[in-house]
Amino acid sequence: MIETKFKFSKNDVVIVLTGAGISAESGLKTFRDHDGLWENHKVDEVATPEAFKCDPELVWRFYKQRYFQLAEVKPNPGHLALKKLEDFLGNNFMLITQNVDGLHEQAGNERILEMHGSLRDCFCTKFGTNFKMQDVDLNPAVPLCKECGAALRPDIVWFGEIPYYMNEIDLVLKQADYFLVIGTSGIVQPAASLAYLARMNGAKTIGVNLVPPENMMFIDEFHQGRSGEILPELVEKWIG
Ligand code: OAD
């Protein structure tokens, strides 16, 4: 039996931040649990512009593997609980995600800001033209732009790059009555600071995570456990 002291009304603005933990029960590995390694490379080391410059084939191999994995996974009850929350709140809901897997969209959420980009997209390194991965020939070790022949790169925000939607995120944080942080270690900036910023702006902050995250000090109510197991019940209580 999960207890929460909060109850949302349709007038409350609820902003949610998710990380890799919410997709763990769909079968996608998180970044920092387990050994954090991929083919003996630190995951963080293949997620930088420098790594791409130095060894684009290696970086593409990493992202192709992750992209192909998406065909085998589907949203879990944690994702579906957030769809239910959006259905209840409508325009007063916004989902900021660090995830690039598209599972929130698959679950039916519409108000989503994918701050770290999307594994289903890539763009031309010369002219910035965007492509859907599904429309690109992924056979070459480094896929090429079909318009100009330059190398494509995955549309992922790498370490050292500025996340997408920072202006929109700044705006919604100012309006938030509640800020939920789900399945994220609270290590990677600027996402790790959003709970702090929301709280400074007067929001109540709620965390759901397998273990207490690094930014635990900014969380007013914390629920420890698997989001797929506890979020459905929590959402029922918040909106019931
Ligand atoms: P992490 O791997 O750092 O953290 C995932 C968190 O989810 C950990 O605190 C886990 O304990 C928790 N967790 C695991 N399983 C869970 C479950 N079933 N339910 C709830 N929580 C669970 O992933 P992120 O915080 O998302 O960036 O990492 C942030 C960014 O670092 C990523 O977006 C990625 C990465 O490098 C880029 O690729 C740019």
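The values are calculated or read from the model by the stated rules, or taken from the named source; none is laboratory data. Note that the coordinates shown come from a computational prediction; the quantities given were computed from them, not determined experimentally. Cβ coordinates were reconstructed from backbone atoms using ideal geometry, including for glycine residues, and neighbour counts include every protein chain displayed.
One table, with the values for the structure above:
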{"quantity": "Positions within segment 204-240 being among the aromatic types (Phe, Trp, Tyr) and either within 18 Å of His79 (Cα to Cα) or not in a strand (DSSP E or B) (or both), in sequence order", "calculated": "Phe218, Trp238"}
{"quantity": "Residue that is nearest to Phe62 (Cα to Cα) [pool: residues in segment 145-200 that are crowded, with 21+ Cβ neighbours inside 10 Å and touching a Cys at 6+ places or on another chain (Cβ under 9 Å)]", "calculated": "Pro154"}
{"quantity": "Inter-residue pairs, beta-carbon under 9 Å, first modelled with pLDDT of 95 or more and in segment 144-161, second of a type in the set (Lys, Arg) and surrounded by 14 or more Cβ atoms within 10 Å (Cβ to Cβ), 6+ apart", "calculated": "Pro154/Lys64; Pro154/Arg66; Asp155/Arg120"}
{"quantity": "Residue check for Asn130: in contact (Cβ under 8 Å) with a residue 12 or more places away in the chain, surrounded by fewer than 18 Cβ atoms within 10 Å (Cβ to Cβ) and under 26 Å from Arg153 (Cα atoms)", "calculated": "yes"}
{"quantity": "Contacts under 6 angstrom Cβ, first residue in segment 163-178 being part of a helix (DSSP H, G or I), partner away from the ligand (no atom under 16 Å from the Cβ), 6 or more apart", "calculated": "Val172/Ile15; Val172/Met94; Leu173/Leu197; Leu173/Ala198; Leu173/Asn201; Lys174/Asn201; Gln175/Val13"}
{"quantity": "Flag for Ala107 being assigned by TED's automatic domain parsing to the domain that holds Glu229, in contact with a His (Cβ under 6 Å, 6 or more places away or on another chain) and buried (at least 17 other Cβ atoms within 10 Å of the Cβ)", "calculated": "yes"}
{"quantity": "Positions within segment 192-239 being in contact (Cβ under 8 Å) with a residue 40 or more places away in the chain and farther than 22 Å from Ser26 by Cα, in sequence order", "calculated": "Leu194, Ala195, Ala198, Ala203, Lys204, Ile206, Glu221, Lys237, Trp238, Ile239"}
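Every residue, every condition in (1) assigned to a loop (DSSP other than H, G, I, E, B); (2) outside the structural domain of Ile182 (by TED's automatic domain parsing), yes or no:
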position	(1), (2)
Lys10	yes, no
Leu17	no, no
Ser23	no, no
Glu45	no, yes
Phe52	no, yes
Val59	no, yes
Arg66	no, yes
Gly90	no, no
